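Shown next, in structure tokens, is the structure this report addresses.
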Amino acid sequence: MALKIIDHGSPEYQQMVKLRDDILRKPLGLGFTPDELEEEKDNLLIAAFEDERILGCCMLVEMRPDTVRLRQMAVLNDLQGKGIGRAIMHFAENIARDRGYRIISMHARKNVVGFYERMDYKVIGNEFIEITIPHYLMEKKL
């Protein structure tokens with residue numbers, strides 16, 4: 001498995017958008033708008049590949065000079081629980097640390113809070129609704 005930073009608009013990015021749409025949006029009856037995708041051009045786009053096939057992805061968005069937000073974490077359904085998400089998270093954390101960030105935050109879906117807690121992320125505050133489902137703000141100090 002290869003973990004890498006990919007370019008916005010590239011064929012790899014198109015695979016990333018399709019994966020995120022299939023895993024994160026379609027099950028909720030949602031999709032991506034062109035404006036949402038255009039806003040991603042300044043984000044750090046991370047993906048895991050086996051040969052040319054995307055396995056999982058996430059993105060990092062600067063919130064403050066010391067804080068980056070992890071967004072759009074997704075792994076192919078048939079590969080969840082096999083360590084791909086954990087590998088992507090470690091890769092993203094190392095990139096964030098190397099770029100001088102001290103905190104990673106995220107809006108984690110309620111059903112995956114346990115995954116992030118096992119990676120030392122902490123719930124901050126109360127449950128809230130985002131894109132129609134329950135989420136928690138979570139953080140980890142790097």
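If I go through region 90-142 residue by residue, how many of them are among the β-branched types (Val, Ile, Thr), in contact with an Asp or Glu (Cβ under 7 Å, 6 or more places away or on another chain) and surrounded by 13 or more Cβ atoms within 10 Å (Cβ to Cβ)?
So the count comes out to 2.
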Starting from region 103-125, keep only residues that are modelled with pLDDT of 95 or more, then list their pairs with residues that are assigned to a helix (DSSP H, G or I) and surrounded by 15 or more Cβ atoms within 10 Å (Cβ to Cβ) whose Cβ atoms are within a distance under 6 Å, requiring at least 6 positions of separation or different chains. 104/96; 108/116; 119/89
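Going by the conditions given, is residue 92 farther than 22 Å from residue 32 by Cα, more than 11 Å from the chain's Cα centre (by Cα), small (Gly, Ala, Ser) and part of a helix (DSSP H, G or I)?
Working: farther than 22 Å from residue 32 by Cα: yes; more than 11 Å from the chain's Cα centre (by Cα): no; small (Gly, Ala, Ser): yes; part of a helix (DSSP H, G or I): yes.
Judged against the criteria, residue 92 is not a match.
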For region 20-57, which positions are touching a residue at least 40 places away in the same chain (Cβ under 8 Å), more than 20 Å from residue 135 (Cβ to Cβ) and either out of contact with any strand residue (DSSP E or B) (no Cβ under 9 Å at 6 or more places or on another chain) or of a type in the set (A, V, I, L, M, F, W, C) (or both)? 44, 45, 46, 47, 48, 49, 54, 55
All but one of (1) in contact with a helix residue (DSSP H, G or I) (Cβ under 9 Å, 6 or more places away or on another chain); (2) more than 20 Å from residue 41 (Cβ to Cβ) hold for residue 93; which doesn't? (1)
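The values are calculated or read from the model by the stated rules, or taken from the named source; none is laboratory data. This is a predicted model, so every value here is computed, not measured. Methodologically, a virtual Cβ is constructed for each residue, glycine included, from the backbone with ideal geometry; neighbour enumeration extends over all protein chains shown.
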